[in-house]
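Some notes on the structure that comes next.
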Amino acid sequence: MPALILLAAAAILYAWWSGKLKGFTYEDGVAAALFLLGVRLLTTGRVLPGATLMGGSILWAAYRRPRRGSKASMPLDDARKLLGLGPEATLAEIREAHRRLIARVHPDAGGSAELANRVNRARGQLWHVDLYRLKRAEEAFELGLEEAFADAACLMEWPERLEGALPRDRLDIALEPQGEGRRATLNGRGKWGVRVGSI
């Protein structure tokens, strides 16, 4: 049993070191510890409590997992038009537009499931995130930022507050004062490196 615990700890340490746990929260850590406790109880003959703890931890992981593929992509212009927003909408404006529109088109309010699904997809396409007041990087992921990285266009201010948890494939834009205006410097990372190189 100690070997199994050491192996699990080594796997968690490797996942943390390689950046695979960027969205890992305190609650996820508690769930992982409860899973390991469940394994320990299961191997010592206490099947019901062990299975209960392991099952609860697995359900937590399934709940936390981003639902990739559940949203078909929608062009950004269509998403903006559907929500009635301009290109500079903030996250709060996107959420408010979504709340207002979904209240009218939801099937429970007499709307259609298809239209409600389109409104939900539109909300997922546009993210503007200002991380200036962020105290911990985990706070951003508690808001669903990891899902935004996977499924949406995400404009982020103060990205350095994420402490190295930014996606590999991204476009960094640095604005610097220059004369009467500003100068933008583009730096493509990962797949964006090729795209920026072709501009």
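Quick notes on this one:
- Criterion applied to Lys71, Lys22 was being in contact with a Lys or Arg (Cβ under 6 Å, 6 or more places away or on another chain), surrounded by 13 or more Cβ atoms within 10 Å (Cβ to Cβ) and modelled with pLDDT under 80, and the one residue passing it is Lys71.
- Selection status of Gly56, more than 21 Å from Pro2 (Cβ to Cβ), at pLDDT 85 or above and either more than 28 Å from the chain's Cα centre (by Cα) or not polar (S, T, N, Q) (or both): yes
- Condition check for Arg95: part of a helix (DSSP H, G or I), crowded, with 17+ Cβ neighbours inside 10 Å, modelled with pLDDT under 75 and not assigned by TED's automatic domain parsing to the domain that holds Leu6: no
- Residue check for Leu4: in a helix (DSSP H, G or I) and modelled with pLDDT under 75: yes
- Residue within the range 158-176 that is over 27 Å from Ser18 (Cα atoms) and not in a loop (DSSP other than H, G, I, E, B) present: yes
The values are calculated or read from the model by the stated rules, or taken from the named source; none is laboratory data. Computed from a prediction, not measured in an experiment: that's the story for all the values here. As a convention, Cβ positions derive from the backbone with ideal geometry for all residues, glycine included, and neighbour counts pool all protein chains shown.
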